[in-house]
Amino acid sequence: MKRSVFQTEHNLFRDSFRRFLDKEVVPHHLEWEHAGIVPRELFLAAGANGFLGLDVPERFGGGGVTDFRYNVVMHEEVQAAGVNASGLGLSLHNDTAVPYLLQLANDEQAERWFPRLVTGELITAIAMTEPGTGSDLGAVRMSAVRDGDDYVVNGSKTFITNGINADLVIVVVKTDATAGARGLSLLVVERDTPGFARGKNLDKIGMHAQDTAELFFAEARVPVANLLGQEGKGFGYLSKNLPQERLAIATISVAAAQAALNWTLEYVRQRSAFGQPIGSFQHSRFTLAEAATEVSVAQAYVDRCLEAHVAGELTAEEAAMAKWWCSDMQNRVVDHCLQLHGGYGYMTEYPIARAFVDARVQKIYGGTNEIMKEIVGRSLGL
């Protein structure tokens with residue numbers, strides 16, 4: 001089924017970004033997987049080529065175009081190139097962190113941060129999850145107490161994407177311990193903040209090239225000038241922005257499943273057993289027919305969600321549906337595709353093996369799939 005969501009300018013952008021990946025990422029991906037982190041130079045290269053801050057105003061050096069379809073093009077090409085973990089930091093920067101800054105930063109903050117967000121000199125992260133708090137943001141315990149011109153911040157965060165590389169971390173804190181979710185605020189913590197420390201780069205089962213860290217705050221003094229938006233409005237800001245993050249996860253899931261399907265179709269045409277290509281066996285054909293159908297159905301829904309998001313009409317419930325269903329579908333498809341690779345599918349030199357371990361987290365971050373179903377269920381009046 002021909003897709004209609006993209007226009008000529010998106011396709012030109014796609015060609016340019018794929019050339020960037022082929023030059024700057026693909027040759028180094030396995031090296032970065034072993035290192036557990038991408039170099040900061042990747043962000044500088046992405047900035048120099050116009051792939052950061054796509055919707056940052058032109059006066060700050062950004063693209064000045066508010067169109068999430070460009071972000072989705074990047075998702076799709078990263079997956080097609082088989083460099084998921086190396087590309088995720090760029091997506092986190094563009095899709096998740098920078099939008100908070102664009103919506104909430106005041107003039108002084110914009111002048112201070114935006115130009116270097118676009119060049120890649122400043123790498124961003126967002127810190128929500130705590131050791132005892134996952135999808136329940138209302139249970140955040142990290143405290144931020146006003147003391148003159150500073151907030152004194154105490155607590156810790158975990159599983160923070162870009163946690164090692166980040167220069168600006170948007171941290172969810174509790175500025176009013178008595179107000180529950182209404183006591184949440186957003187503070188931007190800079191790399192050299194006194195009392196702010198990073199733990200180790202966490203050892204994950206997948207997504208190895210993506211740095212993921214614990215963050216610690218012990219009497220950290222964050223200037224009041226780094227408050228993002230208004231005090232006590234953090235939960236509302238998070239609720240507004242999370243649908244885009246969940247749509248991003250859904251688009252990545254579909255693109256990853258499509259990439260796995262493509263690799264597998266190529267493999268089963270070339271690999272023979274009992275004197276014939278394994279793709280010619282009925283089981284292989286049926287398995288791949290089911291996978292192709294699931295990917296196509298998911299793509300149609302996600303494209304519709306993308307059109308709604310660009311028009312400002314995507315609901316939290318629609319984004320939750322896309323996130324849970326597409327990430328479940330991704331895991332099913334990749335698992336079946338790995339099985340058709342046989343023993344080679346278990347070897348990390350094959351992209352299908354890396355896609356398998358990378359897929360699992362899609363059902364966890366951005367809000368677990370169980371929470372997504374809860375969001376959808378409540379919308380049904382249940």
(Q) Rolling a 1.4 angstrom probe over the protein chains, ignoring ligands and nucleic acids, what is the accessible area of Ser143 in square angstrom, nearest 10? (A) 40
(Q) Between Ala289 and Lys204, what is 0.36 nm times their sequence separation minus the Cα-Cα distance? Round to one decimal in nm. (A) 27.4 nm
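Set the Förster radius R0 to 45 Å, insert the Cβ-Cβ distance between Leu380 and Ser272 as r into 1/(1 + (r/R0)^6), and round the FRET efficiency to 0.05. Present the calculation step by step, with values, prior to reporting the outcome.
Details: r = 50 Å, r/R0 = 1.11.
According to the calculation, E is roughly 0.35.
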Q.
Taking 23 Å as the cut-off for C-alpha to C-alpha distance, list the pairs among Lys204/Lys233; Lys174/Lys240; Lys157/Lys204; Lys2/Lys23; Lys240/Lys363 that go past it.
A. Lys204/Lys233; Lys2/Lys23
Q. How many percent of the alpha carbon pairs in the chain exceed a separation of 33 Å?
A. 30
Q | region 39-101, relative contact order in percent, only Cα pairs under 8 angstrom and at least six apart counted | A | 25
**Q.** Solvent accessible area, Å² - Thr178, 1.4 Å probe, full protein context
**A.** 130
Q: Provide the per-residue ³J(HN,Hα) series for region 291-308, in order, calculated from phi with Karplus coefficients 6.51, -1.76, 1.60 and θ = phi - 60°, each as a whole number of Hz, with x at glycine and proline positions.
A: 4, 4, 5, 4, 5, 5, 5, 5, 4, 4, 5, 5, 4, 5, 4, 5, 4, 5
(Q) For the chain, take the longest principal axis of its alpha carbons; what is the angle in degrees between that and the long axis of helix 68-80, to the nearest 10 within 0 to 90? (A) 50
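Suppose the chain between Gln282 and Ile364 were pulled fully straight at 0.36 nm per residue; how much longer would it get relative to their current alpha carbon spacing? Please list the in-between numbers first.
Values: separation 82, 0.36 × 82 = 29.52 nm, distance 3.41 nm.
Length gained, Gln282 through Ile364: 26.1 nm.
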Q: Could you grab the relative contact order for region 290-382? Cα pairs under 8 Å, six or more apart, rounded to a whole percent.
A: 32
Q: Enter the Cα centre distance for the pair region 154-206 and region 43-85, rounded to the nearest angstrom.
A: 24
Q. Per 10 Å bin from zero, what fraction in whole % of the C-alpha pairs of region 1-115 is there, up to the bin with the longest pair?
A. 13, 45, 31, 11, 0
(Q) Skipping prolines and chain starts, which residues have an amide H placed within reach, meaning under 5 Å, of the one on Val65, given they are 5 or more residues away or on another chain? (A) Asp55, Val56
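Of the accessible area of the chain, with the probe set at 1.4 angstrom, what percent is carbon plus sulfur? Could you put the intermediate results ahead of the total?
On the way: 9150 of 17180 Å².
Carbon and sulfur together cover 53 percent of it.
Mean 1/r over all different Cα pairs, inverted: what Kirkwood radius does region 77-118 give, in Å?
It works out to 11.6 Å.
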Q: Would you rank Arg112, Arg146, Arg332, Arg182 by solvent-accessible area, highest first, keeping every protein chain in place and using a 1.4 Å probe?
A: Arg182, Arg146, Arg332, Arg112
Q: Calculate I(q)/I(0) for region 161-234 by the Debye formula, one identical point scatterer on each C-alpha and no solvent, and give its log10 at q = 0.12, 0.14 Å⁻¹ to two decimals.
A: -0.39, -0.51
Q: Quick one: what are the phi-derived ³J(HN,Hα) couplings along region 217-224, Karplus 6.51/-1.76/1.60 with θ = phi - 60°, whole Hz, x for glycine and proline?
A: 10, 10, 6, 5, 9, 10, x, 4
Q: Using only protein heavy atoms and a 1.4 Å probe, report how much of Ser239 is accessible, in Å² to the nearest 10.
A: 60
(Q) Residues of region 14-38 with backbone nitrogen within less than 19 Å of a virtual label 7 Å along the Cα-to-Cβ line of Val310, please, listed as ranges. (A) 14-18
Q. What spacing in nm lies between the two simple spin-label points modelled at Arg332 and Arg3, each 7 Å away from Cα in the Cβ direction?
A. 2.1
Q: With an 8 Å cut-off on Cα pairs and a minimum separation of 6 or more residues, tell me the relative contact order of the chain in percent.
A: 16
**Q.** 3J(HN,Hα) from dihedral phi, region 371-380, Karplus parametrisation 6.51/-1.76/1.60, rounded to Hz, x for glycine, proline
**A.** 5, 4, 5, 5, 4, 5, x, 5, 5, 8
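Any idea of the accessible area per residue across region 7-93, 1.4 Å probe, to the nearest Å²? Intermediate values should be presented prior to the final figure.
Working: 3680 Å² over 87 residues.
For region 7-93, the solvent-accessible area averages 42 Å² per residue.
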Q.
Given axes a ≥ b ≥ c from the Cα gyration tensor, I'd like to know whether region 306-354 is rounded (a/c under 1.5), prolate (a/b larger than b/c) or oblate.
A. prolate
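Can you sort Asp335, Asp95 by solvent-accessible area, 1.4 Å probe, largest first? Present the calculation step by step, with values, prior to reporting the outcome.
Values: Asp335 70, Asp95 10 Å².
The ordering from most to least exposed comes out as Asp335, Asp95.
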Q. Hey, if we sort Ile160, Ile205, Ile37 by accessible area with the 1.4 Å probe, largest down, what's the order?
A. Ile205, Ile37, Ile160
Q.
Based on alpha-carbon centroids, what's the gap between region 262-333 and region 88-121 in Å, whole number please?
A. 33
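The values are calculated or read from the model by the stated rules, or taken from the named source; none is laboratory data. Values in this document were obtained by computation on a predicted structure and should not be read as measured data. When we count neighbours, we look across all protein chains shown, and the Cβ atoms used for this are built from the backbone with ideal geometry, even at glycine. All accessible areas refer to the heavy atoms of the entire protein, side chains included, with ligands and DNA or RNA removed. Shrake-Rupley method; radii C 1.70, N 1.55, O 1.52, S 1.80 Å.
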